[in-house]
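Before any comments, here is the structure.
Read-outs: derived from the displayed coordinates by stated rules, not from any lab. Since the model is a prediction, treat every value here as computed from it, not as a measurement. Glycine gets a Cβ as well: all are built from the backbone with ideal geometry, and neighbour counts include every protein chain shown.
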Amino acid sequence: MLNRLKFEWSLADRFLKESKGQTALITTGIAIGVAVMVFLSALIDGLQADLIDNTVGNSPHITVTNTESARIGAFEGQGPRTLIIDSTQSMQKPMVEWQALEIILAQDNRTESVLPVVEGSGLVRRGQTSRGIVLRGFDLTKADQIYDITSRIVAGSKTPNEGAVLIGKDLADNLGVNPGDPIFLELPGKEPLALTIDSIFSLGTAAVDERWVIVGQQKAGALLGLGDQITSMEVQVKDVFTAEEMARTMSKQFPNTKWVSWQETNASLLVALQSQSSSSYTIQFFVLLAVILGVSSVLAISAVQKSKEIGILKAIGIRTSSIARVFLIQGALLGVLGVTLGFGLGLGMSIIFITFAGTAFTLLLKPLTMFIILSATMISATLSAYLPARQVSQLNPIEVIRNG
């Protein structure tokens, strides 16, 4: 058995060396195909990683709120005022017993960070200028694990304490204020309160930089009349694509809470990612098909060219199955050589692209994706030799020798 295998390998090697032009041609074809697949996968995966990081990298992956809602009311009249309830609008009730849930989430191995948040709407005023804002109260140390706020402070104290007041850069520009300046905060049902700005931050998102006013969690709870209650809990997970599944399972475990994943709020982004992936897979499929057809065609031609030699081998007693395996071995050798050269060429293309693109691109080589591409190409190159091998098995040695 071992001797037969050595014979088959030596014969396959000799056939490839005798047809150096064909061997070089098909190896180059496989290498180019692999290089294209490697580069395309690295580019698409890198673009998707950048897109996801820019979209949800510094934002919560899951937001947890109370399932119960309360009607929004307003007072009307100058003397004895009447509370008017707007039945068309509602807001989530605050979460009362949230500490136990925070501990459970913090201990979950899927979780990266957990941030209890107190949030409410209001106005800030500076002179005659006023702007609508969102007052957000949370622990800055915990918030940095999601938003990385302290490293994005552009003015004022770089290490704000628990009682500090931070506002977005665009909001500060609109109000014409700097760190150390006072602003007046107006909340529904509360008297205007003077606050001194400690720091100004920029998270790079207009909706945040124009509206956020950040204070400590306890201070926000006191200002909004919530005490120790919170309005939501923001969660980041280690694998962003597990957020939806985690939100679904946790909502069943805690039926009185509402869990919203980033996938729900970014449906259009998911569609774009799926379209990118589908396009990449389609291109790679046709590249792989071209590789299969190329290997099969070249080996089929080789089988015809060497039909006399094959006929002689069969006439002297070499088994048909053994000769057929020679062509399968040729396919495997071509696959290994082409895949090795192609992977190196793909890496070279990636380096050249990054060097001369002129734009900050990320090319991501995922080990699993690379393994699938390389192994699929090698297997396909080997199996593509099936038709030439089948063609060989049908040769009649007497007729081949007689007809030359």
- Helix 20-56: inclination vs the chain longest Cα principal axis, degrees, rounded to 10, gives 10
- Percent of alpha carbon pairs in the chain separated by more than 34 Å? 54
- Query: Put +1 on the Cβ of each Lys and Arg and -1 on the Cβ of each Asp and Glu in the chain; which of Ile26, Thr282, Leu105 then has its Cα farthest toward the positive end of the dipole?
  - Reply: Ile26
- Could you grab the relative contact order for the stretch 101-163? Cα pairs under 8 Å, six or more apart, rounded to a whole percent. 23
- Projected onto the charge dipole of the stretch 68-255 (+1 at Lys/Arg Cβ, -1 at Asp/Glu Cβ, origin at the Cα centre), which of Gly127, Ala194, Pro160 gives the Cα projection farthest towards the positive end? Gly127
- Query: Relative to the first principal axis of the alpha-carbon coordinates of the chain, what is the inclination of helix 367-383, with its axis defined by its Cα atoms, in degrees from 0 to 90 and to the nearest 10?
  - Reply: 20
- Item | Rg/Rh (Cα only; Kirkwood hydrodynamic radius) as it applies to the stretch 162-241 | 1.02
- Note on the structure: The ³J(HN,Hα) series, computed from each phi in the stretch 241-252 with the Karplus coefficients 6.51, -1.76 and 1.60 at θ = phi - 60°, rounded to the nearest Hz and given as x for glycine or proline, is 7, 9, 4, 5, 5, 5, 4, 5, 6, 6, 5, 6
- Message: For a quick check: with amide H placed at 1.01 Å from N, whose amide H comes under 5 Å from Ile133's, ignoring anything fewer than 5 positions away on the same chain?
- Response: Gly122, Leu123, Val124
- DSSP beta bridges in the stretch 68-255 [antiparallel fraction, %, rounded to 5]: 85
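For the stretch 68-255, what class follows from the C-alpha gyration tensor (a ≥ b ≥ c being the square roots of its eigenvalues): rounded when a/c is under 1.5, otherwise prolate if a/b is larger than b/c, else oblate? Walk me through the numbers before you get to the answer.
On the way: a/c = 2.12, a/b = 1.17, b/c = 1.81.
Oblate, because a/c is 1.5 or more while a/b does not exceed b/c.
How big is the dipole moment of the chain about its Cα centre under a simple scheme where the beta carbon of each Lys and Arg is +1, that of each Asp and Glu is -1, and everything else is neutral? Debye, nearest 20, please. Don't jump to the answer; show the numbers that get you there.
Numbers: 32 positive and 34 negative charges, 479 e Å.
Roughly 2300 debye for the chain.
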- Query: Once the dipole of the chain is set up with Lys and Arg at +1 and Asp and Glu at -1 on Cβ about the Cα centre, which of Ile146, Pro179, Asn266 lies farthest towards its positive end?
  - Reply: Asn266
- With everything on Cα atoms, drop me the angle between helix 267-305 and the longest principal axis of the chain, reported from 0 to 90° to the nearest 10. 10
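Using only alpha carbon pairs under 8 Å that are at least six residues apart, calculate the relative contact order of the stretch 68-255 and give it in whole percent.
26
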- Query: Is there a pair in Lys190/Lys219; Lys158/Lys219; Lys238/Lys366; Lys93/Lys169 whose C-alpha atoms are over 22 Å apart, and which pairs would that be?
  - Reply: Lys93/Lys169
- Query: Where does the chain land at 222 nm, in deg cm²/dmol rounded to the nearest 500, when only DSSP H runs of n ≥ 4 count, each adding -39500 (n - 2.57), divided by all residues?
  - Reply: -17500 deg cm²/dmol
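How big is the dipole moment of the stretch 68-255 about its Cα centre under a simple scheme where the beta carbon of each Lys and Arg is +1, that of each Asp and Glu is -1, and everything else is neutral? Debye, nearest 20, please.
Values: 18 positive and 25 negative charges, 67 e Å.
The dipole of the stretch 68-255 has a size of about 320 debye.
Report the Stokes-Einstein translational diffusion coefficient (µm² s⁻¹, integer) for the stretch 158-203, Rh taken as the Kirkwood radius over Cα pairs, at 20 °C with viscosity 1.002 mPa s. Don't skip to the end; give the middle numbers.
Values: Rh = 11.3 Å.
Once the numbers are plugged in, D ends up at 189 µm²/s.
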- Please report, for the Cα atoms of the stretch 316-388, the Rg to one decimal and the Dmax as a whole number; what are they, in angstrom? 17.8, 65
